[in-house]
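**Q** Before I ask anything, here is the structure I am working with.
The values are calculated or read from the model by the stated rules, or taken from the named source; none is laboratory data. As the structure is a computational prediction, the values presented were derived from the model and not from experiment. Positions of Cβ are generated from backbone atoms using ideal geometry, with glycine treated the same way; all protein chains shown enter the neighbour counts. Surface areas here come from the heavy atoms of the whole protein model, side chains and all, with no ligands, DNA or RNA. Shrake-Rupley method; radii C 1.70, N 1.55, O 1.52, S 1.80 Å.
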Amino acid sequence: MLPYGRQSISEEDIEAVTAILRGDWLTTGPAVTAFEQAIGEISGGHRAVSCTSGTAALHIAYAALGVGAGDEVITTPMTFVATASCAAIQGAKIVFADVEEDTALLDPAAVEAVVTDRTKVIAAVDYAGHSADYDALQPIADSVGAKTLADAAHSIGGTYKGRPVGDLADVTTLSFFPTKNLTTAEGGAVVAKDPALAQKAHEFHFIGLMRDPERFRITDEGPWHQEVHEFGLNYRLTDVACALGLSQLKRLDQFKKRRTEITARYNEAFAGVDGLRTPAQRDTVDPAWHLYPIRVLDGRRKEIFLKLRESGIGVQVNYIPVYWHPVFTDLGYQRGMCPNAERFYAEEISLPMFPDLTDADVDRVIETLTGLVS
């Protein structure tokens, strides 16, 4: 079975990890600091806080932004559930806005139609690695005193109007799961433009511990002293994971180049095939292409999906609309809320996409899918 996604691990990656295992620091050490600095550098020069997963990054970001009961968070239904559930865990009401018909990205016009003075965060998702329209979303957020959040789990290394992912929204969250554009095995990061917000994110992911003497409320202890002013969780990423991430970062441009090449081969092959629709790309965006979401038309998605798997082609569907999950339907969310997202879901199949995919592998996918829909 040809997988739809997988990690690319080199001998240099293995050596980087084993060097940590032979050293003094397994966690909270220099590799963590170096990795966070490196992520910050490629994300517009802002502070990055590493963490245990992309889901953890979202939880940290919403907590740092002060999301709580009575707040509303506007987001897209075309995403993994964590984009919404991590805000719901904080007590927020989730407001789903529909996506653009062609890109499946959060539609600024749909956001503008539902924004209120209770809106705390507008959370866009860079679906498949293609950045959302942050220049349109930011003024909407600013008009009601809200913040923008880029769920960039798919898009590290990409750009929007020449600006890097991490520099597009007030806060950006990243994922380093094995199938993502670089991996730390499991892992994620929060990037914040506001240094004070980044510090809140750091303290939340560090169990709430605060070590700044100027902020201490208890001032007569010794040099061991630390305080917790707000509750937090242990979402710390290890030096072992960060060493892998640092090594992977050296190949991020190479990974992105190969994903772009694969996308171009798919686009060329499928452009004129009846029954298929290739992914859209805005002229202002240089995507990182975490996924290749082909659309299978005429109600044949399930049939073609099953036949691809029977042929040994690993495919996936990304994603079921978030409000279809029972945890949201139990709260009263109903199908039909976001027709563009539901139509996209009914047609989408994610084809194999990872840097080690060979040209022969790509040709096999093209020939198999073309044969099935013809």
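**Q** Applying the selection to the range 289-333, what residues are charged (D, E, K, R) and closer than 19 Å to SER374 by Cβ? Can you show your working first?
**A** Quick first cut of the range 289-333, residues charged (D, E, K, R) only: 295, 298, 300-303, 307, 309-310, 330.
Listed by number, the residues that qualify are ARG295, ASP298, ARG300, ARG301, LYS302, GLU303, LYS307, ARG309, GLU310.
**Q** Could you check how many residues of the range 122-154 are over 16 Å from the mean Cα position of the chain (by Cα) and open to solvent by less than 10 Å² (accessible area, probe 1.4 Å)? Before you say what the answer is, go through the steps one by one.
**A** Restricting attention to the range 122-154, the residues satisfying the condition of being over 16 Å from the mean Cα position of the chain (by Cα) are 135-147.
Then drop every residue that is not open to solvent by less than 10 Å² (accessible area, probe 1.4 Å), which leaves 137, 141, 146.
The total comes to 3.
**Q** Something else about it: Any residue that is over 14 Å from ALA288 (Cβ atoms), in a helix (DSSP H, G or I) and in contact (Cβ under 8 Å) with a residue 60 or more places away in the chain - is there at least one of those in the range 184-197? Give the steps one after another, and end with the answer.
**A** Start the filter on the range 184-197 by keeping residues that are over 14 Å from ALA288 (Cβ atoms), which leaves 184-197.
Keeping just the survivors that are in a helix (DSSP H, G or I) gives 195-197.
From the residues that got through so far, the ones that are in contact (Cβ under 8 Å) with a residue 60 or more places away in the chain too are 195, 197.
Taking every residue of the range 184-197 in turn, at least one turns out to be over 14 Å from ALA288 (Cβ atoms), in a helix (DSSP H, G or I) and in contact (Cβ under 8 Å) with a residue 60 or more places away in the chain.
**Q** Being farther than 29 Å from ASP133 by Cβ, at pLDDT 95 or above, open to solvent by 10 Å² or more (accessible area, probe 1.4 Å) and over 15 Å from the mean Cα position of the chain (by Cα): is that true of LEU209 here? Spell out how you get there, then give the answer.
**A** Details: farther than 29 Å from ASP133 by Cβ: yes; at pLDDT 95 or above: yes; open to solvent by 10 Å² or more (accessible area, probe 1.4 Å): yes; over 15 Å from the mean Cα position of the chain (by Cα): yes.
In short, yes.
**Q** Of these, ALA269, ALA264, ALA280, ALA243, which one is of a type outside the set (S, T, N, Q) and free of Cβ contacts under 8 Å to residues at least 60 places away in the same chain?
**A** Details: ALA269 fails: free of Cβ contacts under 8 Å to residues at least 60 places away in the same chain; ALA280 fails: free of Cβ contacts under 8 Å to residues at least 60 places away in the same chain; ALA243 fails: free of Cβ contacts under 8 Å to residues at least 60 places away in the same chain.
Of ALA269, ALA264, ALA280, ALA243, the one residue that is of a type outside the set (S, T, N, Q) and free of Cβ contacts under 8 Å to residues at least 60 places away in the same chain is ALA264.
**Q** Considering the range 80-104 alone, what residues qualify as being open to solvent by 10 Å² or more (accessible area, probe 1.4 Å) and not charged (D, E, K, R)? Quick ask: steps written out before the conclusion?
**A** Just the residues of the range 80-104 that are open to solvent by 10 Å² or more (accessible area, probe 1.4 Å), to begin with: 80-81, 85, 88-93, 95-96, 98, 100-103.
Scanning the range 80-104 gives PHE80, VAL81, SER85, ALA88, ILE89, GLN90, GLY91, ALA92, VAL95, PHE96, THR103.
**Q** Are any of the residues in the range 105-113 modelled with pLDDT of 95 or more, open to solvent by 30 Å² or more (accessible area, probe 1.4 Å), β-branched (Val, Ile, Thr) and more than 12 Å from the chain's Cα centre (by Cα)?
**A** Within the range 105-113, the first condition is being modelled with pLDDT of 95 or more, and the residues that meet it are 105-113.
Subset that is open to solvent by 30 Å² or more (accessible area, probe 1.4 Å): 107, 109, 112-113.
Narrowing the set further to residues that are β-branched (Val, Ile, Thr) leaves none.
Within the range 105-113 (the criterion being modelled with pLDDT of 95 or more, open to solvent by 30 Å² or more (accessible area, probe 1.4 Å), β-branched (Val, Ile, Thr) and more than 12 Å from the chain's Cα centre (by Cα)), the answer is no, since none of the residues qualifies.
**Q** Of all residues being part of a loop (DSSP other than H, G, I, E, B) and of a type in the set (D, E, K, R) in the range 212-240, which is surrounded by the most Cβ atoms within 10 Å (Cβ to Cβ)? Just the residue, please. Can you show your working first?
**A** Looking only at the range 212-240, we keep the residues that are part of a loop (DSSP other than H, G, I, E, B), and these are 212, 216-226, 229-233, 235-237.
With of a type in the set (D, E, K, R) added as a condition, the list becomes 212, 217, 220-221, 230, 236.
On the way: ASP212: 10, ARG217: 7, ASP220: 6, GLU221: 11, GLU230: 10, ARG236: 19.
Of everything passing the filter in the range 212-240, ARG236 is surrounded by the most Cβ atoms within 10 Å (Cβ to Cβ).
**Q** Pick out the one residue from VAL73, VAL95 that is assigned to a strand (DSSP E or B) and in contact with a Leu (Cβ under 9 Å, 6 or more places away or on another chain). Before the answer, list the steps.
**A** On the way: VAL95 fails: in contact with a Leu (Cβ under 9 Å, 6 or more places away or on another chain).
Unique residue meeting the criteria: VAL73.
**Q** Same structure, new question: If PRO77 satisfies all but one of (1) of a type outside the set (Asp, Glu); (2) open to solvent by less than 10 Å² (accessible area, probe 1.4 Å); (3) over 17 Å from VAL327 (Cα atoms); (4) in contact (Cβ under 8 Å) with a residue 60 or more places away in the chain, what's the number of the condition it fails?
**A** (3)
**Q** For the range 259-287, which positions are open to solvent by less than 40 Å² (accessible area, probe 1.4 Å), over 15 Å from LEU351 (Cα atoms) and not in a loop (DSSP other than H, G, I, E, B)?
**A** Correct list: VAL285 only.
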